[in-house]
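A short worksheet on the structure shown next.
Just so it is clear, none of the values below were taken in a lab; they were calculated from the coordinates. Everything numeric in this text was worked out from a predicted model, so none of it was measured. Ideal geometry is used to build each Cβ from the backbone, glycine not excepted, and the neighbour counts take in all protein chains shown.
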Amino acid sequence: MDEVVSVFRNQYHELHTTRSWDFIGLTPNSKRMEAESDIIVAVLDTGITPQSESFNDESFGPPPDKWKGSCPKAANFSGCNKYIFMSIYLLFSLDPVFSCTKHDTHTSSTATGSLVPGANVFGLAQGTARGAVPSARVAMYKICWESSGCSDMDILAAFDDAIHDGVDVISLSVGGVTGPYTQDSISVGAFHASRKGILTVASAGNSGPGAGSVTNHAPWVLTVAANGIDRQFRSKVELGNGVILSVSFFFPNLNFVIFLTLCNIIIIIIIIIIIIIIIIIIITTTTTTTIIIIILKKLFFKAKSSQSVCLK
């Protein structure tokens, strides 16, 4: 058909999980732009948790005029407000329409989340959670489902809708095996977005640090990798004698490659120790068996000699 540009196999991709912006120098006192309130960030992910404090819309006005999208309803609840706009794909799935994994809420709030004072994880890392641009809006496109993953057909449909809806930036932390750009849904969708002046930001993946482990590396995609942070998450344990121990299993100053190297060295040492123990057991068992055989031979020889004497 003349209207078909290309056809490629529909494959499934995988998902890639308070102080980040302070760490890179974007503090609450950084100079902001008035135009930020009209920015719409399209997030292609697993849905969203609308009731999260990060998406409180009390300080927001109506959506900007450039927004051309709609907000489909599911089970009489759309999940949309003045902050969140949402679209859903693969509606025949039996999975919940809204988020179960919280991966989407994490990625969305990292980009645009409102200020949430007192955020913490079991009392650790307490502070004010916020996104890079708290005054921006989120257009969530649900492309990932717990039972099946993130399909190419949903990814392409989301790109098409996001471009049509009038978003400014497209963000997705999704990836997998990257083939030729013409057969990779993220590369294809991002290319069409770039032609409309829309930037696509995608994660580099969860693999690595070996060569060739980066995904979403098309030239027209802004590929973002992970990094360490500048703090520790410490827990305090009070012993019976009143001594308080402060323990942390995360070391931000330790290079990840060095950490992996140390882990590999430890594993190799453990394997060598196990091999040595096995060899010792085998040698010991062999020696013991040899001694027993020698003793049995001697006893048998003595018994035979005694029998010969008796016959004479």
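Neighbour counts of other Cβ atoms within 10 Å put Leu172, Leu156, Leu245 in the fewest-to-most order Leu245, Leu156, Leu172.
The calculated FRET efficiency for Ser147 paired with Ala225, based on their beta-carbon distance and R0 = 25 Å, is about 0.30.
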